[in-house]
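What follows is calculated from the coordinates using simple rules that are stated; it is not laboratory data. As the structure is a prediction and not an experimental result, all values here were calculated from the model. Quick reminder, even Gly has a Cβ in these numbers, built from the backbone with ideal geometry, and neighbours come from all protein chains shown.
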Amino acid sequence: MSSLLRSLRRRMARLPSLSMTRVPDAPALPVRDLWPGDPARGADLLKGVLALGGSAIALRAGGFADSGATPVLRAAAHGFTWLRDLRALGTDGARMRARGLVADWITAGQLDAIAERPDVAGARIAAWLGHYDFFAASADDGFRQKLMGRLVSDARSLAAALPTEELDERALTALKGLIAAAVALPDHAAFLARALRVLPQELARQVLTDGCHVERSPAQLLAALQDLTEIRALLQAAQVAPPPVLGGAIERMAPALRGLRHADGGLALFNGTKEENAALIELVLAQAVRGGRAHSSLTEGGFQRLQAGRSVLIVDCGAPAPPKIDRYAHAGTLSFELSIGRDRMIVNCGAAPAAGAEWHEATRSTAAHSTLVIADTNSSELRPEGLGRRPELVEAQRQEAAGAHWLEASHDGYQKPFGAIHRRRLYVAESGEDIRGEDVVEAATPQPYVVRFHLHPTVDASLQQDGEAVLLRLPAGSGWRLRADGARLTLEESIYLGGPEPRRSEQVVLTGYQDGPQTVKWAITKVG
């Protein structure tokens, strides 16, 4: 469907029609929000501040949200999922604040264009219906009439926009909103029919055979699993049999998501991902599928999980997501994260999707990942809406024997600028207490390169006097030694953006000798 045709259909959907059914006084069936809110964020909302991923936006009457804020923050403001945070606060003040903000939004007039985007409209419909009993059921008739009128109008426009121009996870959020409207407004049977026509094709396109999401982002895999779990619950509430492909997709996605978690319950930091709330992730998995084990080899998604003893090493060894679904893609090919028990040791720097362009670009750079960098150049070209030049051939081979793991991977992201290939070999012993690696630059002429190991902020690092190794002390008390051969070893500053707020951290940097072999060998071993 062309953009022009889609736009015309949406405009027509908002026009009053004599054939329209009467706007109901209230939802015919209750819609339940499945996920818990955060009372602390609810308290911020009482002050007019929406906090998201270390950034914030003001919610005010009239303009409602600052048009100068980043698109991610504006979409969050107009999507109203933050109503669950006010609900978690649970006070009468929180209830009245929620009602007041919804009323302000409805009467604001000309809104930010982002508010009309299908995924934002879908999130808003689901949020308003999911929290209707909290902020609207006890309101006066005038408020409820305006609310239900806007719900019907948004749902009609959303139905006209399907399938969406957005080819990524946002399409699933749009479908969730339309299905929520169909459940709550059963007189509009066309909403459900349209959503169920589009859903199977979206599942086929977005959910890979190994359960990974097509965007190759653990955060977007979590978001997609949340949306699909909600869709299944909505259909069951309406006593509509879910399409068989929906259950199959959810069953594949749950073990894939488990495979991209560390033992602390949070997510590995690849492609726009922060740790996220471990309790929420566990709840999503519990709602999705009972039990299940983590997948260790996600070949189509391009991730490998090497687990031995108490050590978990998660490696990004897949090609970046293709154009139009690479909005969160980082230049982090062949980066890895390492955790020991519940302690993260080696990490990527994380993500700042709601921050300004400068921070957003910095976190996506190759230097913000625990991998090799040639000549301070990104392995993929970063663009505001995705990637330009990128690795085209990323290969990985894995072997296991007697509890030990070997992984050999390579990428050609540096082929065009430098005529170079990066090869990374990894070994994890059966005990998990001996981890070794080798990074090789294959090029006709020697290239300047560094290998970075970003450390989690809780890791205490000290450079040994001889400069040959770094001693790493984890919060649980265990000591580890990182040493290298074929490179100069230094300890430098870094920053960690994987948690709720930015934190200072350190990184071990191995600087290769340009006039020597283009190979560096390193080892991380437990001390004592």
Between 0 and 90°, nearest 10: helix 189-206 axis offset from the chain longest Cα axis: 10 degrees
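Per 0.36 nm of contour for each residue apart, how much would the distance between residue 293 and residue 193 grow if the chain were fully extended, relative to their Cα-Cα spacing? Could the numbers behind the result be given before it?
Details: separation 100, 0.36 × 100 = 36.00 nm, distance 3.51 nm.
Contour length minus Cα-Cα distance gives 32.5 nm.
How would you classify the stretch 270-387 from its alpha-carbon gyration tensor, with a ≥ b ≥ c the square roots of the eigenvalues: rounded for a/c under 1.5, else prolate if a/b is greater than b/c, otherwise oblate? Intermediate results must be reported in sequence, preceding the final value.
Numbers: a/c = 1.74, a/b = 1.47, b/c = 1.18.
Taking the square roots of the gyration eigenvalues as a ≥ b ≥ c, the stretch 270-387 is prolate.
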For the stretch 422-461 and the stretch 484-528, distance of Cα centres in Å: 8 Å
J(HN,Hα) series, the stretch 483-497, from Karplus relation 6.51 cos²θ - 1.76 cosθ + 1.60, nearest Hz, glycine and proline x: 10, 9, 10, x, 7, 8, 9, 9, 10, 10, 6, 8, 9, 10, 10
Listed candidates [x] 1.20; [y] 0.96; [z] 1.03 - label of the one calculated as Cα Rg over 2.2 N^0.38 Å: [z]
Per-residue Cβ neighbour rank within 10 angstrom, fewest leading, 366, 299, 173: 299, 366, 173
Packing-based exposure ordering (other Cβ within 10 Å, fewest first) of 427, 513, 496: 513, 427, 496
Acute angle (nearest 10 degrees) that the helix 170-184 long axis makes with the longest principal axis of the chain, alpha-carbon atoms: 30 degrees
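Mind checking the full-extension length gain between residue 436 and residue 106? Use 0.36 nm per residue of separation minus the Cα-Cα distance, one decimal, nm.
On the way: separation 330, 0.36 × 330 = 118.80 nm, distance 5.84 nm.
That works out to 113.0 nm of additional length.
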Sequence-distant residues sharing a close amide H with residue 303 (under 5 Å, placed H): 298, 317
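Charges only on Cβ, +1 for Lys and Arg, -1 for Asp and Glu: so what's the dipole of the chain about the Cα centre, in debye to the nearest 20?
Details: 60 positive and 60 negative charges, 301 e Å.
Dipole about the Cα centre, nearest 20: 1440 debye.
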Whole-Hz couplings from phi, Karplus 6.51/-1.76/1.60, listed for the stretch 79-96; x for Gly and Pro: x, 6, 5, 5, 4, 5, 6, 5, 5, 5, 5, x, 8, 4, x, 5, 4, 5
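Can you compute the helix-only [θ] at 222 nm over the chain? Use -39500 (n - 2.57) per DSSP H run of at least 4 residues, normalise by all residues, nearest 500 deg cm²/dmol. Write out the running numbers ahead of the final one.
Values: 15 runs with 182 residues, N = 528.
That comes out to -10500 deg cm²/dmol.
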For residue 449, residues with placed amide H under 5 Å, excluding near neighbours: 375, 512
Cα-projected label distance for residue 205 with residue 240, points at 7 Å along beta-carbon direction, nm: 2.0 nm
Pairwise FRET efficiency - residue 393 versus residue 23, Cβ, R0 = 45 Å, nearest 0.05: 0.20
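Just check the stretch 298-527 against the gyration tensor rule for me: Cα atoms, a ≥ b ≥ c as the square roots of the eigenvalues, rounded for a/c under 1.5, and otherwise prolate or oblate depending on whether a/b exceeds b/c.
Working: a/c = 1.34, a/b = 1.22, b/c = 1.10.
Rounded, because the longest to shortest axis ratio a/c is under 1.5.
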For the stretch 25-170: rounded, prolate or oblate by the Cα gyration tensor [a/c cutoff 1.5]: rounded
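Rounded to the nearest 0.05, what FRET efficiency is calculated for residue 483 and residue 140 with R0 set to 51 Å and r the Cβ-Cβ distance? Before the final figure, lay out each step's value.
Values: r = 71 Å, r/R0 = 1.39.
My answer for the efficiency is 0.10.
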Nearby aspartates and glutamates by direct alpha-carbon distance to residue 416 (threshold 17 angstrom, same-chain neighbours under 8 apart not counted): 376, 381, 392, 442
The stretch 302-345-the stretch 111-132 distance, computed between alpha-carbon centres (Å): 32 Å
29 Å Cα-Cα reach of residue 176 towards lysines, excluding residues that sit fewer than 8 places from it in its own chain: 146, 274, 324
Karplus (6.51, -1.76, 1.60) ³J(HN,Hα), θ = phi - 60°, over the stretch 254-268, in Hz, Gly and Pro reported as x: 4, x, 5, 5, 4, x, 9, 10, 8, 5, 7, x, x, 8, 6
